[in-house]
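Single-structure report; data block below.
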Amino acid sequence: MEIRLTRRPGQPGTKKFIERYGERLVCVRYCYGPDRGCRHKTVELIVESVPWAPRGRRPRRRDEEMVVVRIGYGETELRERAKRLGALWRANHKLWEMRWLDAKRLGIADRVKD
């Protein structure tokens, strides 16, 4: 089935559904079934409302974004791998700067300093 039209409450074609469902009406959709050659009219209703507060989320990082990561002094192999990927040592902060993608590749994304 293909949805060709979606109507919000108050738009033409929703009047009788507003009378029937009131505030619970979210939208009316017109679906076409090419296999059967018919049109279906569907309604979306709110059946339950409960209080909800969204959790704070950190914005997603892009793979090319530069991040700083702590690599321990004794982790020489990891340091060498980071250097090969183009990481830069920032001596004044004692941190490595690299792309987010490289931190994920090295498995040290959890060490990224915000």
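The values are calculated or read from the model by the stated rules, or taken from the named source; none is laboratory data. Just so you know, these numbers come straight off a predicted model, no measurement behind them. Virtual Cβ from ideal backbone geometry, glycine too; neighbours counted across all protein chains shown. These accessible areas exclude ligands, DNA and RNA; they are computed on the full protein's heavy atoms, side chains included. Shrake-Rupley method; radii C 1.70, N 1.55, O 1.52, S 1.80 Å.
Side notes on the structure shown:
- In this structure, residue 89 qualifies as out of contact with any Gly (no Cβ under 6 Å at 6 or more places or on another chain), without any contact (Cβ under 8 Å) to a residue 12 or more places away in the chain and not in a loop (DSSP other than H, G, I, E, B).
- Among (1) open to solvent by less than 60 Å² (accessible area, probe 1.4 Å); (2) closer than 30 Å to residue 29 by Cβ, the one test that residue 52 misses: (1)
- Subset of region 32-49 that is exposed (fewer than 10 other Cβ atoms within 10 Å of the Cβ) and among the small types (Gly, Ala, Ser) - its residue that is nearest to the chain's Cα centre (by Cα): 49
- The criterion of being touching a residue at least 24 places away in the same chain (Cβ under 8 Å), open to solvent by less than 60 Å² (accessible area, probe 1.4 Å) and more than 30 Å from residue 5 (Cα to Cα) holds for residue 95.
- Taking region 1-69 as the region of interest, the strands (runs of 3 or more DSSP E) fully inside it that hold 1 or more residues being hydrophobic (A, V, I, L, M, F, W, C), over 30 Å from residue 94 (Cα atoms) and free of Cβ contacts under 8 Å to residues at least 60 places away in the same chain are 2-7, 25-33, 38-45.
- Hits in region 70-79 (condition: free of Cβ contacts under 8 Å to residues at least 24 places away in the same chain and open to solvent by less than 80 Å² (accessible area, probe 1.4 Å)): 72, 74, 75, 76, 79
- Entry remark, region 98-112: residues being part of a helix (DSSP H, G or I) and either farther than 8 Å from residue 69 by Cβ or open to solvent by less than 40 Å² (accessible area, probe 1.4 Å) (or both) number 9 in total.
- Output for region 7-18, where each listed residue is within 19 Å of residue 39 (Cα to Cα) and either of a type in the set (Asp, Glu) or surrounded by 14 or more Cβ atoms within 10 Å (Cβ to Cβ) (or both): 7, 14, 17
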